[in-house]
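Everything below concerns the one structure shown next.
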Amino acid sequence: MEHKEIVKYYEKDDFRVIWKPAKCIHSEVCVKTLPEVYLPDEKPWIRPEAASIQDLKNQINRCPSGALTYDTKAPDKEIGHLPEATEIQVLPGGPLLVKGKIKLRAADGTIEDAEGNTALCRCGGSGNKPFCDGSHKTLNFE
């Protein structure tokens, strides 16, 4: 489970969008919700200045994998919405979506802490196991 996590930051005023590409399952919720912000064929592909901070928060809170989160530089530092209890949802034809704080122990004993939304592979086809990478779409997984 050892991997160097890539994390990208995109800022607007004191608000920061955080993107972790390895967690992305390519659900396209971001692109469909705020197409003026998320431009996958351009660099930089995230342009937070194109939307209000509230619209960005609302969209990021809908990211099913937790690849997108946010924080602020404001004194009462705010972190993207986390539910009070860990919730696990089975997505039809897709991953297990875990919302909340988790401690994931790999078969080799290594431990990884995660919080927010985490999508775990159910189809067995992910190249980023135990995390979902969207492979279920090409496997017609049910």
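The values are calculated or read from the model by the stated rules, or taken from the named source; none is laboratory data. Nothing here was measured: the structure is a model prediction, and the numbers come from that model. Virtual Cβ from ideal backbone geometry, glycine too; neighbours counted across all protein chains shown.
Summary table
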item	result
Qualifying residues in region 41-65 (those that are under 10 Å from the mean Cα position of the chain (by Cα) and of a type outside the set (Gly, Ala, Ser)) - the one surrounded by the most Cβ atoms within 10 Å (Cβ to Cβ)	Ile60
Restricting region 2-40 to residues that are among the hydroxyl-bearing types (Ser, Thr, Tyr) and farther than 21 Å from Pro130 by Cα, the residue that is surrounded by the most Cβ atoms within 10 Å (Cβ to Cβ)	Tyr38
Residue selected from region 76-105 under the condition at pLDDT 80 or above and part of a loop (DSSP other than H, G, I, E, B), by the criterion farthest from Cys24 (Cα to Cα)	Thr86
